[in-house]
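In what follows, a single structure is set out as structure tokens and then discussed.
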Amino acid sequence: MGVYRLNALLFFWLSAVLGWGGEARAAETGLARLSAEVRYFYGRWQWGDFEMSPQAGMAGPELRVEVLGGKLNGSAAYLSGHFIGVGATSLDDPRYHSRKNFDLADDREEFTFGLEYRPLTSAGVVVVWRLARYDLDAEVELNSDQRRYGSGREQAHNEARGFGFGLRPRLPLGHRLALNGEFLYFPALQSEAAGRYQYQVVYREEHLDERWFGERRVRGFSVWGELSYGLRAVPVTVAAGFFYQGLEGSNVPPAGWLEDYLRGQTRDRSWLRDRFFGFTARAGFRF
């Protein structure tokens, strides 16, 4: 939960500095403009075979600097959140129908740095560098049709980093109303994962323990669309919409010796497939 507490501190710090009600103080020059946003995501996260629910969603600040009259801007953003979930995975046991029952707790955080060029007010192109981190902690029970025959704990840490590029369209719908969007494609994120499996089976005296490490490349895309409205009295914009992110890896390696012993599936399925979708909202301050 340390990541989540850090995000909360950043959230309240940004709210205090900006005044949250529009009473912000910032130095504006004729060469550059500064904007700051607090963005919020709430939705379902499917990591591997399991679907997880957000305890409080993902939230975090984004800072943006615009130059050349808004044609060129750079941005930095941070998001974090905590997720929980349950699930079951069947093992290769046609006689007793053995399975793993999971109780999961996951932390997720993302750092994004972007550079956008907007030759038209209605469209811009963007290049981003993203670092995503996932921490998994799962309590596992080994069950069959006859009885519970073991228990364990699986822990893993995954990082995926790399460049993406895409488009950011904007369609004005009125004096203060606009439809905004973003589409990003990630051709080759470098993904690394490390973890530890610890199990105890009732008919074995010793503990089963294995550490593992893996490297892969994943690719995918993210997209969001929102309706934004600029307030009249203060330089504040509020927006709400929907988002979807999907990442996929390939070339899954063979299972480790412990999964082989438990007649299970390969561990890498849990960090090579990522689906995150739901509702997004933001409040932005421009100076």
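Per residue, how much accessible surface does the chain expose to a 1.4 Å probe? Answer in Å², no decimals.
52 Å²
List the equivalent ellipsoid semi-axes of segment 51-136 in whole Å, largest first, each obtained as the square root of 5λ for an eigenvalue λ of the Cα gyration tensor.
For segment 51-136, the semi-axes come out at 43, 15, 10 Å.
In a GNM of the chain with a 10 Å cut-off on Cα contacts, which of Trp45, Trp257, Trp224 has the highest mean-square fluctuation?
Top of the fluctuation ranking is Trp257.
Binned at 5 Å from 0, what are the whole-percent values of the Cα-Cα distance distribution for the chain, short to long?
Binned Cα distances yield the sequence 1, 5, 10, 14, 16, 14, 11, 8, 6, 5, 4, 3, 2, 1, 0.
Which GluC sites (Glu not before Pro) from segment 27-130 combine a DSSP loop assignment with at most 15 other Cβ atoms within 10 Å?
Those that pass, being in a loop and sparsely packed, are Glu28.
Could you tell me what fraction of 2.2 N^0.38 Å the Cα radius of gyration of segment 172-251 comes to, as a two-decimal ratio?
Rg over 2.2 N^0.38 Å, computed on Cα atoms: 2.00.
Helix-derived [θ] at 222 nm for the chain: sum -39500 (n - 2.57) over DSSP H runs of at least 4, divide by residue count, nearest 500?
-2500 deg cm²/dmol
Across all directions of projection, what mean area in square nanometres is found for the Cα convex hull of segment 59-208?
12.9 nm²
Within the chain, what's the longest run with no trypsin sites (Lys or Arg not before Pro) in a DSSP loop and at most 10 other beta-carbon atoms within 10 Å? Give the range, please.
The answer is 148-231.
I need to check one value: relative contact order of segment 22-162, counting alpha carbon pairs closer than 8 Å and at least 6 residues apart, in percent.
17 percent
Considering only protein heavy atoms and a probe of 1.4 Å, how much of the accessible area of the chain is carbon and sulfur, as a whole percent?
Carbon and sulfur together cover 59 percent of it.
State, as an integer percentage, the relative contact order of the chain based on alpha-carbon contacts under 8 Å between residues 6 or more apart.
17 percent
Report the residue, chosen from Gln146, Gln245, Gln198, that carries the largest GNM mean-square fluctuation when the chain is represented by alpha-carbon nodes joined by springs under 10 Å.
Sorting by GNM fluctuation, first place goes to Gln146.
Can you list residues whose amide H is under 5 Å from Gly57's amide H, if they're 5+ apart or on another chain and H is modeled 1.01 Å from N?
His82
Translational diffusion coefficient, Stokes-Einstein: compute it for segment 92-180 using the Kirkwood radius over C-alpha pairs as Rh, at 10 °C and 1.306 mPa s, and state it as an integer in µm² s⁻¹.
Translational diffusion coefficient: 90 µm²/s.
How high is the relative contact order of segment 129-251? Use alpha-carbon pairs under 8 Å, at least six apart in sequence, and give a whole percent.
That works out to 21 percent.
Need one number: nm distance between label points at Tyr42 and Gln200, each 7 Å from Cα along Cα→Cβ, rounded to one decimal.
That separation, rounded to one decimal, is 4.0 nm.
What nm distance separates the two modelled labels at Val67 and Tyr229, each placed 7 Å from Cα along Cα→Cβ?
It is 3.6 nm.
The values are calculated or read from the model by the stated rules, or taken from the named source; none is laboratory data. What you are looking at is a predicted structure, and each value in this text was computed from that prediction instead of being measured. For neighbour counting, all protein chains shown are included, and Cβ atoms are generated from backbone atoms with ideal geometry for every residue, glycine included. These accessible areas exclude ligands, DNA and RNA; they are computed on the full protein's heavy atoms, side chains included. Shrake-Rupley method; radii C 1.70, N 1.55, O 1.52, S 1.80 Å.
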